[in-house]
Amino acid sequence: MLITGTTAVFGVIGDPVTHSRSPLLHNAAFAARGIDAVYVAFPVRSGNGAAAVEAARSLGVRGLSVTMPHKDLVAAGVDRRSPAVEALGACNTVVRDGDDLVGHNTDGDGFIASLGAEAGVDVAGLRVVVLGAGGAARAIIDALARHRAGLVTVVNRTLANAERAAALFANGASTSVADAALVSNADLVINATSLGMAGGPAPEAIGLDPAWLRQGQIVADIVYQPTQTPLLRAASTAGAIVVGGLGMLLHQAALQFELWTGTPAPLQVMADALDQSLLEPAKQPIVQKAHRSDRAADWE
Ligand code: ATR
């Protein structure tokens with residue numbers, strides 16, 4: 001493509017950021033839609049998220065993806081916030097609207113969209129167990145509430161974190177330690193813990209006995225590499241429908257593209273770019289904690 005004086009600039013801020021697959025996805029999408037725009041990675045040191053928002057404002061940057069560790073400071077620094085950003089205090093997408101910078105969070109809705117696209121699942125009315133209560137789990141719980149899930153139980157090592165996350169569910173999610181009845185009765189089980197190291201947690205590592213998984217259930221893991229985590233393997237063996245983390249990564253990006261351009265995202269083009277990027281080694285060594293690197297919510 002030809003970059004000229006009219007080319008709009010978008011980017012991702014993170015620390016580290018060189019590993020990000022977002023430039024590949026978004027540049028492929030801009031090219032496919034014939035949009036005069038370019039998307040680059042901005043390395044922004046931890047603690048400088050709000051300063052980066054101000055820099056984006058003065059440089060006329062048209063939109064940002066925001067990844068670790070800036071989601072909280074950016075949420076505080078934007079001019080207006082979507083309901084998800086208000087609820088979570090975390091922002092993964094900045095959209096320029098006139099002179100205003102508006103914060104959105106597409107992580108939770110990206111997850112919900114991936115369930116629909118990959119397994120035809122509508123979460124409305126479902127009984128859901130969410131394993132984990134960190135930033136990724138919170139984004140998913142908030143989206144489950146907005147998409148009218150029936151009942152959500154948060155299972156987490158630290159109960160205080162589970163309670164804080166459960167409060168995001170409008171009708172009041174319950175909290176629990178993993179228990180057989182709870183997991184067996186769930187329609188949808190989601191692993192959103194950060195135990196993604198070495199290809200995702202064995203079910204036992206997150207307190208889950210594989211015998212609790214069953215046919216007809218949907219089991220999702222936000223770890224995306226490998227695509228079949230040990231949890232998903234156990235779920236497949238039990239006859240459950242499984243959904244990996246790649247779809248969340250794809251759909252959160254597609255929702256960002258739509259917020260920035262008002263144009264439907266070219267999903268297949270973005271999926272192909274993502275597949276291609278997974279085949280290629282990252283250009284630089286990944287310096288972040290290894291377990292963080294394979295989760296959809298950590299890779300805008
Ligand atoms: P993120 O924001 O990326 O989701 P996070 O905020 O560090 O990551 O949250 C990590 C989640 O994984 C939390 O639910 C954490 O449990 P605690 O709230 O008890 O910390 C969970 N987690 C991390 N390591 C764990 C382990 N070894 N066993 C069980 N749960 C673990």
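The values are calculated or read from the model by the stated rules, or taken from the named source; none is laboratory data. Everything numeric here is computed off the predicted structure, so don't read it as measured data. As a convention, Cβ positions derive from the backbone with ideal geometry for all residues, glycine included, and neighbour counts pool all protein chains shown. Protein only, heavy atoms only, side chains kept; ligands, DNA and RNA dropped before computing areas. Shrake-Rupley method; radii C 1.70, N 1.55, O 1.52, S 1.80 Å.
Of a type in the set (Ser, Thr, Tyr) and open to solvent by less than 40 Å² (accessible area, probe 1.4 Å) - does that describe any residue in segment 59-72? For segment 59-72, residues of a type in the set (Ser, Thr, Tyr) and open to solvent by less than 40 Å² (accessible area, probe 1.4 Å): present. Listed by first and then second residue, the pairs linking a residue in segment 3-15 that is touching a residue at least 60 places away in the same chain (Cβ under 8 Å) to a residue that is assigned to a loop (DSSP other than H, G, I, E, B) and of a type in the set (Ser, Thr, Tyr), with Cβ atoms under 6 Å apart and 6 or more places separating them unless they lie on different chains, are 12/20; 14/67. Filtering 73, 131, 101 for residues that are within 15 Å of the ligand (Cβ to nearest atom) and either in contact with a strand residue (DSSP E or B) (Cβ under 8 Å, 6 or more places away or on another chain) or in the same structural domain as residue 220 (by TED's automatic domain parsing) (or both) leaves a single hit, 131.
Answer yes if at least one residue in segment 189-208 is farther than 21 Å from residue 158 by Cα, in a helix (DSSP H, G or I), over 19 Å from the mean Cα position of the chain (by Cα) and not basic (Lys, Arg), and no otherwise. No, the conditions are met nowhere in segment 189-208.
Restricting segment 44-58 to residues that are surrounded by fewer than 18 Cβ atoms within 10 Å (Cβ to Cβ) and part of a helix (DSSP H, G or I) leaves a set whose member that is farthest from the ligand (Cβ to nearest atom) is 58.
Yes or no, residue by residue, for (1) under 23 Å from residue 279 (Cα atoms); (2) at pLDDT 85 or above:
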site	(1), (2)
185	no, yes
198	yes, no
203	no, no
229	yes, yes
232	yes, yes
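No other residue among 84, 90, 76 is touching a residue at least 12 places away in the same chain (Cβ under 8 Å), more than 30 Å from residue 206 (Cβ to Cβ) and of a type in the set (A, V, I, L, M) apart from 76. Could you tell me whether any residue of segment 50-65 is under 22 Å from residue 134 (Cα atoms) and free of Cβ contacts under 8 Å to residues at least 40 places away in the same chain? Yes, there is a match, as at least one residue in segment 50-65 is under 22 Å from residue 134 (Cα atoms) and free of Cβ contacts under 8 Å to residues at least 40 places away in the same chain. Do we have residue 87 as among the aliphatic types (A, V, I, L, M) and touching a strand residue (DSSP E or B) at 6+ places or on another chain (Cβ under 8 Å) here? Considered against the rule, which asks whether it is among the aliphatic types (A, V, I, L, M) and touching a strand residue (DSSP E or B) at 6+ places or on another chain (Cβ under 8 Å), residue 87 comes out as no. Only one of the numbered conditions (1) away from the ligand (no atom under 16 Å from the Cβ); (2) open to solvent by 30 Å² or more (accessible area, probe 1.4 Å); (3) free of Cβ contacts under 8 Å to residues at least 40 places away in the same chain is violated by residue 209, and that is (1).
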